[in-house]
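Novice: My structure is below; once you've seen it, I'll send some questions.
The values are calculated or read from the model by the stated rules, or taken from the named source; none is laboratory data. The model shown is predicted, which means the values in this text are computed figures rather than measured ones. Cβ sites come from the backbone with ideal geometry, for glycine too, and all protein chains shown count toward neighbours.
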Amino acid sequence: MATKENDHIIKENNCETKMGLPCVLKAFTSNFKKGGISKKCCREFVVVGKVCHSAFVKRTLENPLFKYLNPATIIAKSIQTWNNCLALIESPSPSA
């Protein structure tokens, strides 16, 4: 049932069209594995929005392929990735 809710949120908000595939992969790696995310991808990631981000994370956690993951750990990592991206895009670029 929850999967249908997340699918509805994703479709209703056009979540799948807001981010390019290279950045989707970086965000996925940052949320579900180990790895960072570039400032460019953070910009795209934040444009997707927190509602879409949460729906993607929840839908992925419901997928049987990812049943070995600890949901609490993944949710904490996804919040950390979101906050890191907000901080990164809000920080001024160093001047040359």
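Novice: List, please: which pairs have Cβ atoms under 7 Å, are six or more places apart or on different chains, and start with a residue in segment 37-49 that is in contact (Cβ under 8 Å) with a residue 40 or more places away in the chain and end with one that is crowded, with 17+ Cβ neighbours inside 10 Å and hydroxyl-bearing (Ser, Thr, Tyr)?
Specialist: Close Cβ pairs satisfying both conditions: Ile37/Ser30; Ile37/Thr81.
Novice: When segment 47-71 is examined, which residues are found to be hydrophobic (A, V, I, L, M, F, W, C) and closer than 21 Å to Ile9 by Cα?
Specialist: To start, the set of residues in segment 47-71 that are hydrophobic (A, V, I, L, M, F, W, C) comprises 47-48, 51-52, 55-57, 61, 65-66, 69.
Of everything in segment 47-71, those that are hydrophobic (A, V, I, L, M, F, W, C) and closer than 21 Å to Ile9 by Cα turn out to be Val47, Val48, Val51, Cys52, Ala55, Phe56, Val57, Leu61, Phe66.
Novice: Might you check whether a residue that is of a type in the set (Lys, Arg), within 22 Å of Lys4 (Cβ to Cβ) and surrounded by 14 or more Cβ atoms within 10 Å (Cβ to Cβ) occurs anywhere in segment 21-36?
Specialist: Filtering segment 21-36 down to residues of a type in the set (Lys, Arg) leaves 26, 33-34.
Checking the rest, the ones that are also within 22 Å of Lys4 (Cβ to Cβ) come to none.
Scanning segment 21-36, I find no residue that is of a type in the set (Lys, Arg), within 22 Å of Lys4 (Cβ to Cβ) and surrounded by 14 or more Cβ atoms within 10 Å (Cβ to Cβ), so the answer is no.
Novice: Do we find that Lys18 is in contact with a helix residue (DSSP H, G or I) (Cβ under 8 Å, 6 or more places away or on another chain) and buried (at least 17 other Cβ atoms within 10 Å of the Cβ) in this structure? Full working, then the answer.
Specialist: Values: in contact with a helix residue (DSSP H, G or I) (Cβ under 8 Å, 6 or more places away or on another chain): yes; buried (at least 17 other Cβ atoms within 10 Å of the Cβ): no.
Judged against the criteria, Lys18 is not a match.
Novice: Does any residue in segment 10-32 that is within 23 Å of Leu69 (Cα to Cα) come within less than 7 Å, Cβ to Cβ, of a residue that is of a type in the set (Phe, Trp, Tyr) and modelled with pLDDT of 90 or more six or more places away or on a different chain, and which pairs are these?
Specialist: Close Cβ pairs (under 7 Å, with a partner that is of a type in the set (Phe, Trp, Tyr) and modelled with pLDDT of 90 or more) amount to Ile10/Phe56; Cys23/Phe45; Ala27/Phe45.
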